Amino acid sequence: MAGGGVQGFVMDQSVNLAIAICIGLAVGFFEDVPINLVPDALIFGLTIAMIAQEVLLVQRTGYLGGRYEDEMRDYTRSMLEFFDNKAFWLFGILSIFFVLGMIPLILSSRDIGALSVARIFCVAVILTLGVDPILATLPKNDGTSTFGALVIYAIVIHSGLSGYPDLAIQLNGYLGSFSAVTCSSIVLTFLILSTRWAYIRNLCYGMADGWKEFALYIGIPLMTILQTEIPEFLELLFRIYVGAG
């Protein structure tokens, strides 16, 4: 397996899975079925998960003799040549996402309080950490690569968030409410963490993944969530072929 071998893959994904399990259990304690599309507990959990991944996986393997020390050093050097202000790279993008998030909050009917502002901040953190590996395409001056990476990442995240409540409702028919929300939260969290890690490996470290790696990083968790939408997709496909009638 490319980019660190089977052992490296197992170690990396074990970290992502362990984080996802912890977050899934926590969300299961606070949420019930049916659930909102993106409940507060899930947003807070995903924020903690992505920060934990950054600390336990990205930083740990990229610095101080880590497995990806050379790749991280080259990536950091190229980014600092593009962003000559490191403070903007670290905090400027976060601030932009936070300000953009405050606009719909002000226009919405939700009260502006500590909880709602904290949610906006958490969404800004999630977006910043999610976009961070895609920024590695900017020094290459390849607009198609940057835009394509953003589109694909957005589709994966949107599909995961859209299928999250459906998966929880489906599992609730076989499992209890706690288990259903926990399992769906684990799958979604693992999908987001695994997708981000795949982007970091590919865009930041230059490690190309084959179809097997893609399936294990993104394909399987994504299809686990999207399988609830297969009947709707087949109906759409039928209409495309046959039309009305």
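The values are calculated or read from the model by the stated rules, or taken from the named source; none is laboratory data. Worth saying up front: this structure is predicted, and the values here are computed from it rather than measured. Ideal geometry is used to build each Cβ from the backbone, glycine not excepted, and the neighbour counts take in all protein chains shown.
Tabulated data
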{"read-out": "Some residue of region 43-64 being modelled with pLDDT under 90, aromatic (F, W, Y) and farther than 20 Å from P133 by Cα", "value": "no"}
{"read-out": "Where L127 falls short, out of the listed (1) over 27 Å from R77 (Cβ atoms); (2) among the aliphatic types (A, V, I, L, M); (3) surrounded by fewer than 20 Cβ atoms within 10 Å (Cβ to Cβ)", "value": "(1)"}
{"read-out": "Whichever residue in region 143-159 is within 12 Å of the chain's Cα centre (by Cα) and of a type outside the set (A, V, I, L, M) and, among such residues, is surrounded by the fewest Cβ atoms within 10 Å (Cβ to Cβ)", "value": "H158"}
{"read-out": "F9, sole failed condition from (1) over 20 Å from the mean Cα position of the chain (by Cα); (2) within 20 Å of D209 (Cβ to Cβ)", "value": "(1)"}
{"read-out": "Unique residue being free of Cβ contacts under 8 Å to residues at least 40 places away in the same chain, more than 29 Å from Y75 (Cβ to Cβ) and surrounded by 12 or more Cβ atoms within 10 Å (Cβ to Cβ) when the list is L175, L237, L167, L191", "value": "L175"}
